[in-house]
Ligand code: HGY
Ligand code: MN
Ligand code: MN
């Protein structure tokens, strides 16, 4: 099947009609439908599809035991109301590129694999790139098994309900040792390729970034009868902290976002008992990131103390600066006719794998640069340019 046919099949799965965005969260019905679709189409291509001990799906062309495999792929899960391309573009392009190679009669000298990593966005359980972090041992199964979604369901419970074996989760050095190269194609989440007038680019780096949970605990009370002087309202230090995040980021040349917040009990006429919020912070280097986060958390503590509100914070995930291997990066740029080389502030499974396997990323032009939104887009011609580019890269890495 060609790219357009594969793309059209996957498109309706997990799409929320009310917003046009996607709600493909790990171990839900939509996720199971995506995984079933992937398995059916990869099997139809003649690939051998296997889930690894952490639930990541691998579709093999050739015997994995031969080693030095060329792997490509991305993720199928989404952020809440995410776009169609973030993740799926890499997976569908990988299937289409392998299909082209097989149709051409290519005979790879080493195994080729198409992978769909689980929980890349961390939308349901809070930690991004969970599947690749488990595979590489970056985090342990006991900690990740205990991650809970908004309803209190743990990763282990959800994984077991989806047919997984939580007791088998953990680092997989044998599988990791079989990978010779990993290449992830992804829609660009920015306008670098638009500004350079190119359909496809090669990644140079990923900004260091992380997520911090912030809990403000005060005293629930009546909105109408509680004097201002008697209040311990957690909403006030929370609101000031959101503004401080913007100020601190501007000072450090970083970016900081508070996009997720839970208010307890969340009643119009009740002073909240608690506000739970998450800070997403990213910066060009680790010193700038550290300064930004320290500034925000320091402000949160000061504002909380001023309102006699308790404050607690915890770092839920962190990814240091990723520099993709320059030899592979330059080789692919040259192979693709001098494709532009550009960095990103978005995290990817490729960033996690790059510490263990020679890794590269290809970006496909996004006309507006918008992502994590139903407005995310890539023109059909650029999607096809991505298929041609990945096909060429796989041919070079697996067949030459
Ligand atoms: O948040 C990110 O950078 C990625 O989309 N997981
Ligand atoms: Mn994303
Ligand atoms: Mn992504």
Going by the structure shown, is residue 221 touching a strand residue (DSSP E or B) at 6+ places or on another chain (Cβ under 6 Å), over 29 Å from residue 323 (Cβ atoms) and at pLDDT 95 or above?
yes
Where the second residue is modelled with pLDDT under 95 and surrounded by 13 or more Cβ atoms within 10 Å (Cβ to Cβ) and the first is assigned by TED's automatic domain parsing to the domain that holds residue 104 and lies in segment 1-12, which pairs have Cβ atoms under 9 Å and are six or more apart or on separate chains?
9/1
Among the residues of segment 56-92, count how many are away from ligand 2 (no atom under 16 Å from the Cβ) and in contact with a strand residue (DSSP E or B) (Cβ under 8 Å, 6 or more places away or on another chain).
14
Sort through 95, 101, 89 and tell me the only one that's more than 17 Å from residue 366 (Cα to Cα), in the same structural domain as residue 16 (by TED's automatic domain parsing) and buried (at least 24 other Cβ atoms within 10 Å of the Cβ).
95
Filter segment 81-124 down to the residues that are within 16 Å of ligand 1 (Cβ to nearest atom), touching a residue at least 60 places away in the same chain (Cβ under 8 Å), part of a loop (DSSP other than H, G, I, E, B) and over 19 Å from residue 41 (Cβ atoms) and list them by number.
81, 83, 86, 119, 120, 122, 123, 124
Taking the stated definitions as given, is residue 201 in contact (Cβ under 8 Å) with a residue 24 or more places away in the chain, within 15 Å of residue 343 (Cβ to Cβ) and within 16 Å of ligand 2 (Cβ to nearest atom)?
no
Can you tell me which residue within segment 302-322, out of those that are exposed (fewer than 14 other Cβ atoms within 10 Å of the Cβ) and out of contact with any helix residue (DSSP H, G or I) (no Cβ under 9 Å at 6 or more places or on another chain), is nearest to residue 134 (Cα to Cα)?
314
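The values are calculated or read from the model by the stated rules, or taken from the named source; none is laboratory data. Computed from a predicted structure; not experimentally measured. FYI the Cβ positions are ideal-geometry reconstructions off the backbone, even for glycines, and counts take in every protein chain you see.
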